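The structure appears right after this line, and notes come after that.
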Amino acid sequence: MAIVNLFYISLLLLLLLPLFLLFLLSIIIRPRPVQIPIKKRHVFITGGSSGIGLALAHQAASEGARISILSRSIDKLEEAKNAIRLSTGIDVAIFAADVRDFEAVQRAVDEAGPIDVLIVNQGVFVAQELEEQKLDEVRFIIDVNLMGSFNMIKATLPGMKRSRKDRGPGSISLMSSQAGQVGIYGYTAYSASKFGLRGLAEALQQEVIGDNIHVSLVFPPDTKTPGLVEENKRKPQLTSIIAASSSAMTADEVAKKALDGIKSGSFIIPCNSEGILLSMATAGLSPQRSYLMAFVEVVAAGILRFAALCFQWNLYGSIEKSRMQKN
């Protein structure tokens, strides 16, 4: 009888412990859950003339948002504007500026007017081993991907803060990459720029949460865009082999995942199943709004760390094999 009672007590504890953990997480998660409306609000997208940025502009416009897009090429901006008008009936505002030029960015933001949702999407990528890559190219990648993001946010923040009481919650979304979650051979400059966005996003969220502004960090995999075709021409062979292990997505698929995550106020926005696993494995000290996802992260942490070590074992095995073949 005592053994039976002990069994039932153990079973009850096994059931109660997860429930208690869920209850505790529902209390302690910060920031709290939020919904970011898109309809009839001003969405400003950098890198908005092609690829993921253009797909985001299409989707946000179809949901009734007022759209502004920024990129360097006025010709591409005009093409994007016409395409969005044809597909959605929405007339978008276009701004030609280089995100590396703060004064140009500031002029565009001032002309655009108060922004509710800023999507910092511009990015350049050249895969090459650091020993072979010129420092000017490294500097260009970091200036566009990281410093360009600082410029956009710095120019936008004052206006976003002033209008929050009357316009409701605001959002700043940064387009990182799965290469901003795990370093990959040949991605030294690119990963450095995309890892940097995470530090920016985590610190920025703490600075602006009191102003009802919510930060999101999007982690897409390789995405089928014209830029990817050019990127693949210079990728080291080993980089291509590693990248091939993760399936590419279309720009429309990434845009839908990103916009859904932005609307739900998610801090980390993965775009596919591999991205979800990477996000859980690299959660670290990042904020989490969903207590259910926090529960999964806590429970799966040990297993995912083991899986990460297995991934590294396989990755370094591939590198060693490639070096032996070269020699």
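With 0.36 nm allotted per residue and the present C-alpha distance subtracted, the Ile74-Arg32 stretch has 11.1 nm of extension available. Ligands, DNA and RNA are left out, and with a 1.4 angstrom probe the accessible area of the chain is 52 Å² per residue. In the complete set of protein chains, residue-level accessible area for Ser240 is approximately 50 Å², probe 1.4 angstrom.
For the chain, what relative contact order do you get, as a whole percent, if you take Cα pairs closer than 8 Å and at least 6 residues apart?
Here the relative contact order equals 19 percent.
Near Asp143: Cβ cut-off under 11 Å, other residues only, Lys/Arg at +1 and Asp/Glu at -1. The net charge is -2. Legend: residues Lys76, Lys81, sorted from most to least accessible area (1.4 Å probe; ligands, DNA and RNA excluded), read Lys76, Lys81. Share of carbon and sulfur in the accessible area of region 170-216 stands at 55%, probe radius 1.4 Å. In the complete set of protein chains, residue-level accessible area for Val124 is approximately 30 Å², probe 1.4 angstrom. Taking a Cβ cut-off of under 14 Å around Ile119, the surrounding Lys, Arg, Asp and Glu residues balance to a net charge of +2, with basic ones at +1 and acidic ones at -1. Only protein heavy atoms count here; under a 1.4 Å probe, Arg100 has an accessible surface of about 100 Å².
Of the solvent-accessible surface of region 31-166, computed with a 1.4 Å probe over protein heavy atoms with every protein chain present, carbon and sulfur atoms account for 51 percent. Surface listing: Arg162, Arg32, Arg72 arranged by accessible area from highest to lowest gives Arg162, Arg72, Arg32, probe 1.4 Å. Bridging of Lys224 to lysines at a Cα separation below 28 Å is possible for Lys39, Lys76, Lys81, Lys134, Lys194, Lys233, Lys235, Lys256, Lys257, Lys263, once same-chain residues fewer than 8 apart are set aside. Counting only protein heavy atoms and a probe of 1.4 Å, the accessible surface of region 242-327 is 64% carbon and sulfur.
The values are calculated or read from the model by the stated rules, or taken from the named source; none is laboratory data. Quantities reported herein were computed from a predicted structural model and do not represent experimental measurements. Note: ideal-geometry Cβ built from the backbone for every residue, glycine included; neighbour counts use all protein chains shown. These area figures cover heavy atoms from the full protein model, side chains too; ligands, DNA and RNA do not enter into them. Shrake-Rupley method; radii C 1.70, N 1.55, O 1.52, S 1.80 Å.
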